[in-house]
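Have a look at the structure below, then the notes.
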Amino acid sequence: MPDKTISYEELAPGYKFPPATYELSDSFVSKYLKAVDAAGDGFVPPLAITACAIATMTKSVPLPPGTIAIHASQELEFLKPVPIGTTIECHIGVAQKIARGKMSMLVLELEILDKGREKVQSGRATVALPV
């Protein structure tokens, strides 16, 4: 969970969100699989890991009540299977900030490490935010 929040206006390319650590528990994976109507195989679905990382970022940027961040796109590289129960560390930085009328977008760089500090996922995700 992030230690502090930052306003959208303060975000700039190069900003690094505080790293966050999550245990990818059986309960979490089961809920994710149910939500996407999929069967499990003993490993954490790669997009479930991405969802954890993006949730980290959205908890750091306060939004007006009733608004949500929209995950618009991603380019991801999955480097190795992640067993259920693994603890991951999410590192997210702002690569680009784009304004389009009343909607703004953040292009985020993601790096996800396992407890051995081995990279399990990397890439970019675009999140649209009403500001």
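Throughout, read-outs are computed from the coordinates displayed, never taken from laboratory work. In this text, all values refer to a predicted model and were calculated from it rather than measured experimentally. Ideal geometry is used to build each Cβ from the backbone, glycine not excepted, and the neighbour counts take in all protein chains shown.
Please work out the FRET efficiency for the pair Ser30 and Glu111, using the Cβ-Cβ distance as r and a Förster radius of 22 Å; give the result to the nearest 0.05. The partial results should precede the final answer.
On the way: r = 26 Å, r/R0 = 1.19.
It comes out at approximately 0.25.
Karplus couplings for the range 33-40 from phi (6.51 cos²θ - 1.76 cosθ + 1.60, θ = phi - 60°), rounded to Hz, Gly and Pro as x?
Here the 3J(HN,Hα) series is 4, 5, 5, 9, 6, 10, 9, x Hz.
If you average the C-alpha positions of the range 77-131 and of the range 5-19 separately, how far apart do those two centres end up, in angstrom?
Between the Cα centres of the range 77-131 and the range 5-19 lies a distance of 13 Å.
Can you give the net charge of the other residues whose Cβ lies under 9 Å from the Cβ of Gln121, counting K and R as +1 and D and E as -1?
On the way: positive: Lys80, Lys119; negative: Glu77, Glu111.
Surrounding charge for Gln121 is 0.
For Ser25, enumerate residues with amide H under 5 Å from its amide H, sequence gap 5+ or separate chain, H modeled in the peptide plane.
Hits under the 5 Å cutoff: Gly85.
As a footprinting exposure proxy, order Cys90, Cys52 by other Cβ within 10 Å, with the fewest listed first. Don't jump to the answer; show the numbers that get you there.
On the way: Cys90 23, Cys52 20.
Least to most surrounded, the residues fall as Cys52, Cys90.
Across all directions of projection, what mean area in square nanometres is found for the Cα convex hull of the range 8-130? List each step's numbers first, then the result.
Details: hull surface 31.4 nm².
One quarter of the hull surface, i.e. the mean projection, equals 7.9 nm².
Non-local amide H neighbours of Tyr15 (under 5 Å, H modeled in plane, Pro and chain starts lacking H): which ones?
Correct list: Val94.
Counting alpha carbon pairs within less than 8 Å and at least 6 residues apart, what relative contact order, in whole percent, applies to the chain? Before the final figure, lay out the partial values.
Numbers: 251 pairs, mean separation 40.1, N = 131.
31 percent.
Compute the FRET efficiency between Ile70 and Glu118 as 1/(1 + (r/R0)^6), taking r as their Cβ-Cβ distance and R0 = 22 Å, and round to the nearest 0.05. Walk me through the numbers before you get to the answer.
Details: r = 31 Å, r/R0 = 1.40.
Given R0 = 22 Å and the Cβ-Cβ separation, E is 0.10.
Pick out, from Gly101, Cys90, Phe43, the residue whose Cα sits farthest towards the positive end of the charge dipole of the range 8-130, with +1 on the Cβ of Lys and Arg and -1 on the Cβ of Asp and Glu.
It is Gly101.
For the range 70-84, just list the computed ³J(HN,Hα) in residue order, Karplus coefficients 6.51, -1.76 and 1.60, θ = phi - 60°, integers in Hz, with x standing in for Gly and Pro.
Result, ordered by residue: 10, 6, 8, 6, 7, 10, 10, 10, 9, 9, 6, x, 10, x, 4 Hz.
So what J values fall out for the range 19-26 if you push phi through Karplus, 6.51 cos²θ - 1.76 cosθ + 1.60 with θ = phi - 60°, rounded to Hz, Gly and Pro as x?
Calculated HN-Hα couplings, in order: x, 10, 10, 9, 9, 8, 6, 4 Hz.
Would you compute, from DSSP H runs of 4+ residues alone, the mean residue ellipticity of the chain at 222 nm, taking -39500 (n - 2.57) per run and dividing by the full residue count, rounded to the nearest 500? Walk me through the intermediate numbers first.
Values: 2 runs with 25 residues, N = 131.
Roughly -6000 deg cm²/dmol at 222 nm, from the helical runs in the chain.
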